[in-house]
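These notes concern the structure reproduced below.
The values are calculated or read from the model by the stated rules, or taken from the named source; none is laboratory data. It should be emphasised that the depicted structure is a prediction, and the values quoted were computed from it without experimental measurement. Positions of Cβ are generated from backbone atoms using ideal geometry, with glycine treated the same way; all protein chains shown enter the neighbour counts. These accessible areas exclude ligands, DNA and RNA; they are computed on the full protein's heavy atoms, side chains included. Shrake-Rupley method; radii C 1.70, N 1.55, O 1.52, S 1.80 Å.
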Amino acid sequence: MSSNTYDTRRILKSQKARLIGRNIIIHEVVESTSSFLKDALTRGEVSSGAVAVANIQTKGYGRFKREWVSPRGGIYFSFLIKRFKRDITPLTLVVAYSVANTIHYLTGIKPSLKWPNDILINGKKIGGVLAELVGDNLICGIGVNINTEQTALPEELREKATSVFIETGKKLDLTDALLNLIQGIDKNLTIYKNKGFLYFRDRWLSLCPRWHDVIYSKIGKEKTVSLFHDISETGTLIIVDEDGKKQLFSGEISYE
Ligand code: BTN
């Protein structure tokens, strides 16, 4: 059954002792689930593993403080891991990989990945991941366009963004999709904790259509053409351009 809102009782029943999803806080409307967790953390009101979810965000944000348009029908959630001792670049890749896998499981469509945090279908963005550190606490936000109708997206995004509904014509049950996303991330974070990023490197690359192909990397304001050479053991992007091999720790790439 498809529903554009959450079944609170079912979500609360799913809470278990695990890395994330021990405590799920559901909002109808919130500025941003990540800002909510930051504030709650500052006030000492949330424990490690907490997840904040909202039907609508009024000030959702992504990388580079860009707006993350968050109408009803999408899934917006953030999780908190206290005393996070690892790097956030590989964590971002592991979470994006988990989201792509869950979308594949739910729809039969295999998304592709764009370093470091984009999940794409047919070259259009369907989801994104934003990992932030507050002291040594990790707050990781995930946005996925699930039942989002094209008219709910601003015109300037319609060429670049998509949703499960736009791609398949079918609406998913949001509760089911959210629980699958949380479980998928939780499972992979446990593997990441025990085995490290190397376990995911080849799996991530298998969803990246531009491995060993041309990409455009933006360093500062400059856009340069280069070759996507590899992903390192620490999740950094290795490119080759006219000056030779370079390692990108953050930044942005594009495929056109
Ligand atoms: C990106 O692609 O730049 C990352 C987008 C992350 C959006 C999610 S939606 C839930 C959480 N709350 C926010 O304000 N942002 C993240």
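Values for this structure:
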read-out	value
Where labels lie 7 Å past Cα in the beta-carbon direction, separation of Gln15 and Lys82 in nm	1.5
Residues listed by number, the range 125-159, amide nitrogen under 16 Å from Ile109 label point at 7 Å toward C-beta	125-128, 144-153, 158-159
Where the chain is the region considered: accessible area per residue in Å², 1.4 Å probe	48
FRET efficiency for Arg158 and Lys218, using Cβ-Cβ distance with R0 set to 25 Å, rounded to 0.05	0.65
Positive-end residue, the chain charge dipole about Cα centroid, Cβ charges, pick of Gly135, Pro209, Ile11	Ile11
Signed unit charges on C-beta, dipole axis of the chain, positive-most listed residue Ser32, His229, Tyr199	Tyr199
With every protein chain in place, the chain: carbon and sulfur % of accessible area (1.4 Å)	49
Lys/Arg +1, Asp/Glu -1 at C-beta; the chain dipole; positive extreme among Asn180, Thr107, Gly74	Asn180
Residue-averaged 222 nm ellipticity for the chain, from DSSP H runs of 4+ at -39500 (n - 2.57), nearest 500	-8500 deg cm²/dmol
Residues in the range 1-31 that a label on Lys59 would reach, taking backbone N under 14 Å of a point 7 Å out along Cα→Cβ	30-31
Degrees between helix 88-107 axis and first principal axis of the chain (Cα, 0 to 90, nearest 10)	70
Cα gyration tensor shape for the range 1-158, rounded if a/c is under 1.5, else prolate or oblate	rounded
Calculated SAXS-style log₁₀ I(q)/I(0) at q = 0.08, 0.12, 0.15, 0.17 Å⁻¹ - the range 98-239, Debye, Cα scatterers	-0.24, -0.56, -0.87, -1.10
Sum of side-chain charges, Val51 neighbourhood, beta-carbon under 10 Å (Lys, Arg +1; Asp, Glu -1)	0
Euclidean distance of C-alpha centroids, the range 179-194 and the range 1-80, integer Å	16
Lys, Arg +1 and Asp, Glu -1 on Cβ, resulting dipole of the chain about Cα centre, debye, nearest 20	820
The chain, relative contact order [Cα under 8 Å, separation at least 6], %	17
Top of Ala17, Ala131, Ala161 by mean-square fluctuation, Gaussian network on the chain, Cα under 10 Å	Ala17
DSSP beta bridges in the chain [antiparallel fraction, %, rounded to 5]	80
